[in-house]
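Contents: one structure, followed by commentary.
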Amino acid sequence: MFRVAVDCRNHTDSDLSIEVQFQYPFRLHQVYFDSPTCQGGNKDRLFLVGDYSSSAEFFVTIGVFAFLYSTAALSIYVFFFEKYKENNKGPLIDLGVTGVFAFMWLVSSAAWAKGLSDVKTATDPDKVVTMIPACRVSGNSCREVHDPVMSGLNTSVVSPDASECQTGHFLSADSSVLFQAFGFINLILWVGNLWFVFKETGIIAPFMRAPPPQEKPAAPDAYGQQGAYEQDPYASNQGGYQPDYSQQGYNQVLDTLPAHTCCYHGDHR
């Protein structure tokens with residue numbers, strides 16, 4: 001809603017508070033106001049320009065269906081989760097529907113952003129004043145009284161009737177930009193939800209498994225395999241000499257010892 005004032009040369013014909021009300025779904029070509037002609041108290045009925053209901057209604061429709069689907073999905077998660085996981089059909093369907101809603105939030109938010117910009121342009125008081133014939137006559141002056149910054153925009157999603165809007169049966173947005181932000185926030189939430197639903201499908205599970213552990217080779221036997229890996233140090237240091245530990249070699253060693261030492265070994269030869 002905004003107000004403009006028409007100050008005629010003949011002040012008795014002036015109207016200093018012309019109120020123009022508009023609301024959801026923004027069919028501005030149906031919004032009219034009466035302005036003075038500054039000629040004997042007659043008035044002209046003028047209409048705003050533009051119909052931006054398609055983008056606004058599309059945006060609201062996506063929001064309603066998204067809310068209904070979210071409610072249904074939450075009920076299934078809580079009460080029928082086992083049935084939901086059966087044959088993996090539930091997560092796949094959920095993934096597809098979530099992807100569709102994420103895309104729809106992108107489209108509807110972009111459409112409403114464009115529609116909102118057009119609504120601001122069409123309801124600019126400076127532009128509306130140029131539509132009033134009396135404002136183009138010299139001696140008359142026109143100005144805006146109340147600038148319709150979007151913080152003052154009442155967007156009704158309950159009833160298109162302006163009289164009901166005045167009684168408070170409407171969704172009042174302190175800023176219509178909030179609706180635009182609401183759409184893009186939902187876009188982020190639904191795109192983020194795609195990842196969680198995608199994990200429920202199990203498609204990525206084979207790619208997230210840890211590789212099997214490598215088998216370590218068995219340690220060699222401490223006693224049975226020791227000879228296979230160790231060599232006598234004397235074999236490398238003494239040119240391959242190996243001492244003879246047989247009985248004959250033992251007797252040869254005894255013969256080289258003095259006779260008095262043999263008693264220690266129990267030999268009395």
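The values are calculated or read from the model by the stated rules, or taken from the named source; none is laboratory data. Predicted, not measured: the structure shown is a model, and the values here were computed from it. Because the Cβ atoms are built from the backbone with ideal geometry, glycine has one as well, and the counts that use them run over all protein chains shown. Note: accessible area is taken over every heavy atom of the protein model, side chains too, but ligands, DNA and RNA are not part of it. Shrake-Rupley method; radii C 1.70, N 1.55, O 1.52, S 1.80 Å.
Remarks
- Amide H contacts of Asp44 (H built 1.01 Å from N, under 5 Å, at least 5 apart or other chain): Ser35, Thr37
- In this simple spin-label model, placing a label point 7 Å from the Cα along the Cα-to-Cβ direction at both Leu68 and Val137 gives a separation of 5.4 nm.
- Annotation note: chymotrypsin sites (Phe, Trp or Tyr not before Pro) in the range 60-110 located in DSSP loop regions with a Cβ neighbour count of at most 16 within 10 Å are Phe80.
- Shown is the FRET efficiency for Ala110 and Ser17, computed with R0 = 35 Å from the Cβ-Cβ distance and rounded to the nearest 0.05: 0.40.
- Solvent accessible area, Å² - Arg143, 1.4 Å probe, full protein context: 120
- Surface accessible to a 1.4 Å probe, Ser141 within the full protein complex, Å²: 60
- A Förster distance of 51 Å, applied to the separation of the beta-carbon atoms of Arg9 and Thr121, puts the FRET efficiency at 0.95.
- The listed residues Leu46, Leu178, Leu92 rank as Leu178, Leu92, Leu46 when sorted by accessible area, largest first, using a 1.4 Å probe.
- To the nearest 10, the accessible area of Asp118 is 40 Å² with a 1.4 Å probe.
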